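The values are calculated or read from the model by the stated rules, or taken from the named source; none is laboratory data. Quick caveat: nothing in here was measured; it's all calculated off a predicted structure. As a convention, Cβ positions derive from the backbone with ideal geometry for all residues, glycine included, and neighbour counts pool all protein chains shown.
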Amino acid sequence: LYRQGHCGAHIILSTLNWWGPSWTAKANTECTEEELLEVLNYSIYFGPSLAYPDENTPTISGQSNAEFDARFKELHNGSMPYASAFRNPSYDAVWASAWPSMLR
């Protein structure tokens, strides 16, 4: 990400994982520790969280979990890619974080 210019105030990286105290030393990358930390400077951490239990109630995105799941599966040829368990709460978290800027 760093070497491709995908970092800084113009890009917000969302991650579904948390970082241990020495993760930069163990990262499988050619980037330096400073480069890794610069990429995360504008990151948002989501999770672990749960989807709203009622499959039919619309969430902040305006879709219910059932509607979002159907659309998600359609986009991924009926499969659930790795880390899909976070799909619903992550989608809503992005909506919630963007909501204040949409109200201006």
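Numbers at a glance
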quantity	calculated
Index of the failed condition, T15 passing every other in (1) hydroxyl-bearing (S, T, Y); (2) surrounded by 10 or more Cβ atoms within 10 Å (Cβ to Cβ); (3) at pLDDT 75 or above	(3)
Matching residues, segment 62-96, being surrounded by fewer than 17 Cβ atoms within 10 Å (Cβ to Cβ) and not in a helix (DSSP H, G or I)	G62, H76, N77, G78, S79, M80, P81, Y82, A83
Qualifying positions in segment 29-45 - modelled with pLDDT of 80 or more and part of a loop (DSSP other than H, G, I, E, B)	T29, E30, C31, T32, N41
